[in-house]
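What follows is a set of notes on a single structure, which appears directly below.
The values are calculated or read from the model by the stated rules, or taken from the named source; none is laboratory data. All of these numbers come straight from a predicted model, not from anything done at the bench. A quick note on method: Cβ atoms are made from the backbone with ideal geometry, for glycine too, and the neighbour counts reach across all protein chains shown. Protein only, heavy atoms only, side chains kept; ligands, DNA and RNA dropped before computing areas. Shrake-Rupley method; radii C 1.70, N 1.55, O 1.52, S 1.80 Å.
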Amino acid sequence: MKRVAIIKKDRCNPAKCNWLCHGLCPVNRTGEECITKQESFPEIDEKLCTGCGICPQRCPFNAIKIINLPEKLDKPLMRFGPNTFELFSLPIPKKDKVIGILGRNGIGKSTALSILSNNIKPNFGDFENPPKEEEIINYFSNTLLGEYFTKLYGNKIRISYKPQRVELLTQFYKGKVKDLIKKIDERKISKKLIKELNLEEIEDNEISNLSGGELQRLAIIATIAKKADFYYFDEPASFLDITQRIKVAKIIRELAKDSPVMVVEHDLATLDYISDEIQIVYGKEACYGIFSKSKAVRRGINEYLDGYLPEENIRFRDYSINFTTTRAKKITQEETLLKFPDIEKKFDKFKLNVKGGSIKKGEVLTVIGQNGLGKTTFLKLLTGIEKPDKGKIEKIKISYKPQNLKIIKGTVQEHLNKHKEFSSGWFKTNILEKLNLKNILTNEIKNLSGGELQKFHLALALLQESDLLALDEPSAFIDVEDRLKVAEVIKDFIQQRDISAIVVDHDIQFIDYLGDRMLVFTGISGKQGNTELLEKQQGMNKVLKLLDITYRKDPSTRRPRINKPGSQLDKEQKKTAKYYME
């Protein structure tokens, strides 16, 4: 049986464990060298490994994974070094189609786009003597990608690629926004895109001073403005509010009328709305990844949620993800936890007007609206970080998770262990395990991925003694599976503690699944924000009407889906003013 041995070097520490895996390996004890001591880390010979499971079980840092692969898998397309992640296949772009890519973090989505965009070349697992371009072309010659790689390496097609890490733009591009756009605007459409994505007011700003959302929109404009034969977008919805996500989705769909487009995205609603077909990536995160065949959008997303691919006869997850546990309860008779009056807060160029309301005990109050309307400011007013110009807010114990996550010194365990609740069985079972934090307890916080850092800060917020959780964008950087786990953790926690939560987020599916009532922010972005506290049905209907989109629930999974513009369902729901269908 073929095996993949993974050693996570950010966790491995031979100096502290005295090369424990080397000493425990049964194969080593017979005189052969399955696990060898290299300069700084051990290395596992996958051909000699018997899969006994001793080294991954006994490793004190949880740094080793031994994975048995399906028999049919041969050599990988890509591997970056010994005992590292393997990618076994690629998605296939199609003419006049938006292909949506769906899968967990760390499973090869970005690596696949980097290969297709020629940022890296597949090495078939031979990282010391990688193949030449002719060998790569020959490998794909009998597949649908054969012609693609022939043209790619022959410089006969052009690629435009928006990377995942848009914050790195500030390292590669200096100067003002308008100078960069002028430089790359080969299609002469930048003015139209700037207007559609509301970037007119920052054209004279330095790129180094842009926010995450502004950088994302700039990167999308830069990608679309290039003349290309294929367009690739890696997580275009990150940092964007719900209005911007829909605008970007419409622009990308329009782009596909002339060129093949591929989009990696964790926001299911956006992915559903933007895609013509879906390809699923399955395997084991940080270990190996395989792309499924292309599927119809509804079918593909539902198969992903089910964890089973009938066409391939592959079960890649032993449980289904469903949307049927949402509480949607009536709050009107519940005990009031916090009343807040009409509030005003003025800044130099922005004014926030909050209409008085209350938060009920045991409810999740979700907050939704465009960026720049004061949602984060409202949370800071509740917590006392900001002081209102008008209106007095009563003080209660609030645990606040901010939008911008701090990278602090030390390991995950060192910071969580400062709180006595960390050692309780309930916390370990319902928080650490569900958020998959047990595997990274010994990791340095500075080495965490975006999703891991988000879940660490959420756990830290849950450990604080509080009557109210105030969580700003807890779904950011987290994949589909973990987003629903985060929602379940929040709901279970407030029920177990009999407290409340107020949650700001831009993933409308996450908001729909989690919330009981909604605080809707409207106004003029960057100038004035207003609020309206509504029941969930009313709130969702108001937000969707503002966006001019309609939602329905999938009959199989109860997953909220955005109707395609102009479809029969879209027309019917708009006609009856039912933009949100339970």
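Percent of accessible area on the chain owned by carbon and sulfur, 1.4 Å probe? If you can, show how the numbers build up before the last one.
On the way: 12340 of 26520 Å².
Answer for the chain is 47 percent, counting heavy atoms of protein chains only.
Taking LYS94 as the anchor, which aspartates and glutamates have their alpha carbon closer than 13 Å to its alpha carbon, excluding any fewer than eight residues away along the same chain?
The qualifying aspartates and glutamates are GLU147, ASP229, ASP258, ASP276, GLU277.
Quick check: residue separation of GLU128 and LYS151 times 0.36 nm, minus the Cα distance between them. What number comes out in nm? If you can, show how the numbers build up before the last one.
Working: separation 23, 0.36 × 23 = 8.28 nm, distance 2.59 nm.
Gain in length upon complete extension: 5.7 nm.
Could you pull out the pairs from LYS162/LYS401; LYS8/LYS284; LYS380/LYS406; LYS95/LYS183 whose alpha carbons sit more than 18 Å apart here? Write down the numbers at each step before the final one.
Numbers: LYS162/LYS401 29 Å; LYS8/LYS284 14 Å; LYS380/LYS406 16 Å; LYS95/LYS183 28 Å.
In this structure, LYS162/LYS401; LYS95/LYS183 lie more than 18 Å apart at Cα.
Please get the size of the charge dipole for the chain, origin at its Cα centre, with Cβ charges of +1 on Lys and Arg and -1 on Asp and Glu, quoted in debye to the nearest 20.
Numbers: 98 positive and 80 negative charges, 234 e Å.
Approximately 1120 debye in magnitude.
Can you tell which of ASN322, THR50, ILE35 lies farthest toward the positive end of the dipole of the chain, using +1 and -1 charges on the Cβ of basic and acidic side chains (Lys, Arg; Asp, Glu)?
Most positive-ward Cα: ASN322.
May I ask you to derive the relative contact order of the chain, considering only C-alpha pairs under 8 Å and at least 6 residues apart, and to give it as an integer percent? Walk me through the numbers on the way to the answer.
Values: 1085 pairs, mean separation 78.0, N = 582.
After rounding, I find 13 percent.
Provide the packing ranking of 446-458, 265-277, 130-142, i.e. peptides ordered by the mean count of other C-beta atoms within 10 Å per residue, highest first. The partial results should precede the final answer.
Numbers: 446-458: 20.0, 265-277: 24.1, 130-142: 14.2.
So the peptides 446-458, 265-277, 130-142, ranked by packing, come out 265-277, 446-458, 130-142.
Give me the 1.4 Å probe accessible area per residue for the chain, excluding ligands and nucleic acids, in Å².
46 Å²
Give the cysteines in the chain for which no other Cys Cβ lies under 4.7 Å away, or write none if there are none.
When partners are defined as cysteine Cβ atoms under 4.7 Å apart, the chain leaves CYS12, CYS17, CYS25, CYS34, CYS49, CYS52, CYS59, CYS287 without one.
About its Cα centre, what dipole magnitude does the stretch 509-573 give when the only charges are +1 on Lys and Arg Cβ and -1 on Asp and Glu Cβ, stated in debye to the nearest 20? Let's see the in-between values first.
Working: 12 positive and 8 negative charges, 30 e Å.
That gives a dipole near 140 debye.
What's the magnitude of the charge dipole for the stretch 455-555 around its Cα centre, counting Lys and Arg as +1 and Asp and Glu as -1 at the beta-carbon? Answer in Debye, nearest 20. Walk me through the intermediate numbers first.
Details: 12 positive and 18 negative charges, 70 e Å.
Once rounded to the nearest 20, the dipole reads 340 debye.
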